[in-house]
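A short worksheet on the structure shown next.
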Amino acid sequence: MTRAVYDPKEIEPKWQRLWADEHTWEVTNEPDERPKSYVLEMLPYPSGEPHIGHLKVYSVGDAIAHFRRRNGYRVLHPLGYDAFGLPAENHAIRTGQHPRESTEASIAEFRRQFKSWGISIDWTREFGTHEPRYYRWTQWIFLRLYEQGLAYRSEAAVNWCPKDQTVLANEQVIDGRCERCGSMVESRSLEQWFFGITEYADRLLESLDDIDWPAHVKTMQRNWIGRSEGARVSFRCEELGTDYGVFTTRPDTLFGATFFVMAPEHPDVLRMSDAPEVREYVERALTASAEERGAEDREKTGVALRRTVTNPVNGEELPVFVADYVLAEYGTGAIMAVPAHDERDFQFAQRFDLPVRQVVGGAEELPFSGEGPMMKSGRFDGLHNREAFDQIVDWLASEGKGERAVNYRLRDWLLSRQRYWGCPIPIVHCPNCGEVAVPDDQLPVELPDVEDYAPQGRSPLAAAEDWVRTTCPRCGGEAERETDTMDTFVDSSWYFLRYCDANNEQAPWDREVLARWMPVDQYIGGVEHAILHLMYARFFTKALADLELLDVQEPFEALFTQGMVTRGGAKMSKSKGNVVSPSDYVERYGADTTRCYILYVGHPAEGGDWADEGIEGIHRFLSRLWRAAEEAPEGPDEPEGEPSDLVRKAHWAIDKVTRDLGERLATHTSLAAVIELVNDLYRLREEVDPSHVRFALATAASLVFPFAPHLGSEVYERIAGDRVWEQPWPQADPDLLTHDEIQLIVQLNGKLIDRLMVPASATREELEQHARGSERLASRLDGGQIVKTIVVPGKLVNFVVD
RNA sequence: GCCCGGGUGGCGGAACGGCAGACGCUGUCGACUCAAAAUCGAUUGCCCGAAAGGGCGUGUGGGUUCGAAUCCCACCCCGGGCACCA
């Protein structure tokens, strides 16, 4: 007789078919008494086939989804594809294959593999962001923001590749060079579309306090927004009759200003001086790459403009310089320079031999950015600089020369791309009416087919002349379509809303339906999206809430960021040849084994190292569980008679998994607990009542189900005869979590010397008596005097000897 | 430079201030087998010791405590983020 073997190839398709046939994971949008839980993994970008990060994110998310369902929640767990984007377009440029074809082929492969993993997805809500039925509403949202002035066109400096004649995304600029041709990238000023995310800077900052996100992600967002409090102060140039504002976080150091600096991009630099050396400097600065210009340790450069501005606090005339260490994009593009209290100004002053005047005392050496008493600051001398900050600002305000101000590092979101494979911007340019929005009833503005995807200094869409030529929606005259497409981050900034009402053809969603699901209760994804995607999605949510289109202020109530899986301690990459392809392992060991292994190598928030030997261990564990079910004795699956150690172990495991999975998403220790239970099952199965064996088996199957749904279902059905996903999550009996006897630790000066079994009910005095009776204590004491005894009930007795 | 994480056996990793190393891998030994694989059982931090037993051990140095991997201070190393943001 051949022994039966755990065969995932048989078990897994069987359950997958049943779940599909019975629409098990689908949920309706009808009202329901159960509390809702929206569990969502970050939208995958379909390129090639899924990688190990996808397997991990869905393994985590699915465990949460299953756990919540069995704890009484009605769970929305949808999936779609972030289908627009550069890789498909670059592929098209190389091969001529339409991006839609390559993308849809990838989507088909992703879908096939996701289904082979047995993830509990409501597939009726699936979509790709490249489908007109989706991007119609991306355009619709764009128009709503446009109406609010939150989407606008403006001139901006962008990365420009002189050889390819195209604008590049920041991600396409590698070490200052074009990723495709290797040319040095230049900065060019071009008309671009923006979203006014900076209007929401404060709200984006404040409501971080209301959401359950990892601290480091919140910190990254705070730093990115970069709010600084200070003052705006006017410096007048009498010769030109113009006031120049600066932003400073240190108005208390105004008396220490000894010169004034403008960024090369500042529009008034050449007005101040058009001397050849100034022109040359500005020219060079503008064409320098960010890399060349940005290095902090680089020596400061600049040119004197031979003009002065007046310091509003003391009337001093300060020489004006142009220098590229001042950034045009931040503040006003001009600064007051206080070399005594600013590192960069200090360096510049040293280089150009400018005076350094200390106005805040307490410094050991300059530059000094700490706090202290004011000096050389007229009537503010002696005040603490924090007080002087307020008084100087108030004084300037009363004189009309300054005011309190807040500045942000965050910039508006540049959303236009001169690219083909993206969502068209629904705007028409009319020679008479100017910029005109495409009316809602003409949406979607469909992406036309083109012959050549390569950018030629304009969007490839410009080549689709029939498409570009249109009539103005306002005056009916001849007009042209906007040929830029949207950044793909726009697509992914609202997809979680669409899932709630994915098949609505009248609107992007129904507000009431949305209110039934939003916010996402648990969002899961990689930390690489900590800033861009997560910031943009928060911005969209707030802007749409202001338009009264939805009722939440934050899209993602809780966020979980998974760590990266490595192999041999190194990041997986094709060039290293250490890439793990999920499909290979799913083929070899089955989805359950592969999913469990990735959840077992460490806490999913941390990294984890993939080892082929390790997955064998998990496969062994699942095989043991399966075989134990195969060999299970007949009988009931509720334990009869006195609870055995095995029954107690099962309750211990229930308690452990419930807490580890439910409270801290510790999938690795959850699985370890189930492994322990199965190990005990093998050890004790000959000794205990058959009902106890069956109870332990059913419990193990029930607990392993969120991680290994197919095997969990199979074993549970064999033992208990029911569908495990229809069963409530098991409850640990508190009485069975304790034992009659406990192990008492005996310590001498805090070091372990003995372990004794004593009754759990022992009082403090009894525990001490038991401990004093330890033979090892007697031999170790060796006549020493016990000066103190610490008793920790239920745990230990510590004798302190001098 | 600044801000976060993190340093624990041969490896991945456990451990409310209270038994360091759960669980898995690897290695070693044994059972089954003609043999191997699979499986099952034992063992597996380091040092001394035949054993009983003892000593040492959580990056380094200090501190708090009856007791520290865990808390505090300083330092070293690794990973990540930001980086001329006035």
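The values are calculated or read from the model by the stated rules, or taken from the named source; none is laboratory data. Since the structure is predicted, the reported quantities are computational estimates derived from the model, not experimental observations. Cβ atoms come from the backbone with ideal geometry, glycine included; neighbour counts cover every protein chain shown. All accessible areas refer to the heavy atoms of the entire protein, side chains included, with ligands and DNA or RNA removed. Shrake-Rupley method; radii C 1.70, N 1.55, O 1.52, S 1.80 Å.
Here are a few things to note about the model shown:
- For a paramagnetic label modelled on A:Gln743 (point 7 Å from Cα along Cα→Cβ), amide N atoms under 18 Å away belong, within the stretch A:775-799, to A:775-777, A:792-798.
- Ranked by the mean number of other Cβ atoms within 10 Å per residue, highest first, peptides A:647-660, A:386-399 order as A:647-660, A:386-399.
- Local net charge near A:Glu435, Cβ-Cβ under 15 Å (Lys/Arg +1, Asp/Glu -1): -3
- Highest average first, the peptides A:212-223, A:455-466 ordered by how many other beta carbon atoms sit within 10 Å of their residues are A:455-466, A:212-223.
- Neighbourhood net charge (14 Å Cβ-Cβ; Lys/Arg +1, Asp/Glu -1) for A:Ile197: +1
- DSSP beta bridge pairing in chain A, given as percent antiparallel to the nearest 5: 75 percent
- For the cross-link pairs A:Lys163/A:Lys218; A:Lys56/A:Lys656; A:Lys36/A:Lys115, the ones whose C-alpha atoms lie over 31 Å apart are A:Lys163/A:Lys218.
- Rounded, prolate or oblate (a/c below 1.5 giving rounded, otherwise prolate when a/b exceeds b/c) for the stretch A:308-411 by Cα gyration tensor: rounded
- Sequence-separation-based contact order of chain A, relative, with Cα cut under 8 Å and 6+ spacing, percent: 14 percent
- Length gained on full extension, A:Asp243 to A:Asp212, computed as 0.36 nm times the residue gap minus the Cα-Cα distance: 6.6 nm.
- Whole-percent carbon and sulfur share, accessible surface of chain A, 1.4 Å: 46 percent
- Per residue, the accessible area of the stretch A:447-534 comes to 41 Å², computed with a 1.4 Å probe over protein heavy atoms only.
- Mean Cα-pair separation over length for the stretch A:392-462, i.e. relative contact order, pairs under 8 Å, 6 or more apart, %: 27 percent
- Ordered by solvent-accessible area of protein heavy atoms (1.4 Å probe), largest first, the residues A:Ser187, A:Ser154 come out as A:Ser187, A:Ser154.
- Sum of -39500 (n - 2.57) over DSSP H runs of 4+, divided by residues of chain A (222 nm, nearest 500): -11000 deg cm²/dmol
- Accessible area expressed per residue, the stretch A:608-648, with surrounding protein chains retained (probe 1.4 Å, Å²): 51 Å²
- Calculated accessible area for the stretch A:325-381 comes out at 51 Å² per residue, all protein chains present (probe 1.4 Å; ligands, DNA, RNA ignored).
- Scaled to the globular estimate 2.2 N^0.38 Å, the Cα spread of the stretch A:512-665, given as radius of gyration, is 1.46.
- Mean-position separation - Cα centroids, the stretch A:628-694 and the stretch A:530-582, in angstrom: 36 Å
- Each other residue within a Cβ distance under 12 Å of A:Leu305 adds +1 if Lys or Arg and -1 if Asp or Glu, for a net charge of 0.
- Dipole of chain A, positive end: most advanced residue of A:Gly402, A:Tyr420, A:Leu777 [Cβ charges, Cα centre]: A:Leu777
- Dipole in debye (nearest 20) - chain A, about Cα centre, beta carbon charges: Lys, Arg +1; Asp, Glu -1: 1140 debye
- Across the stretch A:431-560, the mean sequence separation of Cα contacts (distance under 8 Å, 6 or more residues apart), normalised by length, yields a relative contact order of 18 percent.
- Only one residue of A:Cys161, A:Leu665, A:Val278 has its Cα farthest out toward the positive end of the dipole of chain A, where Lys and Arg carry +1 and Asp and Glu -1 on Cβ, and that residue is A:Val278.
- Computed extension gain for A:Glu548 through A:Asp802, at 0.36 nm per residue and net of the alpha carbon distance, reaches 84.1 nm.
- Treating r as the C-beta distance of A:Glu101 and A:Asp735 and R0 as 45 Å, the FRET efficiency rounds to 0.10.
- Hz values of 3J(HN,Hα) by residue in the stretch A:755-771 - Karplus curve (6.51, -1.76, 1.60), Gly and Pro given as x: 10, 10, 8, 9, x, 5, 7, 4, 7, 4, 4, 5, 4, 5, 4, 4, 5
- A:Asp7-A:Glu109 FRET efficiency (beta carbon distance; Förster radius 22 Å; 0.05 resolution): 0.35
- Between A:Val356 and A:Asp202, the modelled labels are 3.8 nm apart [label points 7 Å from Cα along Cα→Cβ].
- Order by protection proxy (mean Cβ within 10 Å, highest first), peptides A:501-514, A:102-115, A:523-536: A:523-536, A:102-115, A:501-514
- Between A:Arg188 and A:Cys433, the modelled labels are 3.0 nm apart [label points 7 Å from Cα along Cα→Cβ].
- The 3J(HN,Hα) values that the Karplus relation (6.51, -1.76, 1.60; θ = phi - 60°) gives for the stretch A:619-625 are, in residue order, 4, 4, 4, 5, 5, 5, 5 Hz. Gly and Pro appear as x.
- Between helix A:645-664 and chain A there is an angle of about 10 degrees, using the helix long axis and the longest principal axis of the Cα atoms.
- Potential lengthening between A:Tyr152 and A:Arg474 on full extension [0.36 nm per residue; Cα-Cα distance subtracted]: 114.0 nm
- On Cα atoms only, tilt of A:591-600 relative to the major axis of chain A in degrees: 70 degrees
- Derived scalar couplings between HN and Hα for the stretch A:677-689 equal 4, 5, 4, 5, 4, 5, 5, 9, 5, 7, 8, 9, 4 Hz in order, rounded to whole Hz, by the Karplus curve 6.51 cos²θ - 1.76 cosθ + 1.60 (θ = phi - 60°), x for Gly and Pro.
- Cα long-axis angle, helix A:532-546 against chain A (0 to 90 degrees, to the nearest 10): 80 degrees
- Distance in nm between pseudo-label sites at A:Arg379 and A:Arg284 (7 Å out along the Cβ direction from Cα): 4.7 nm
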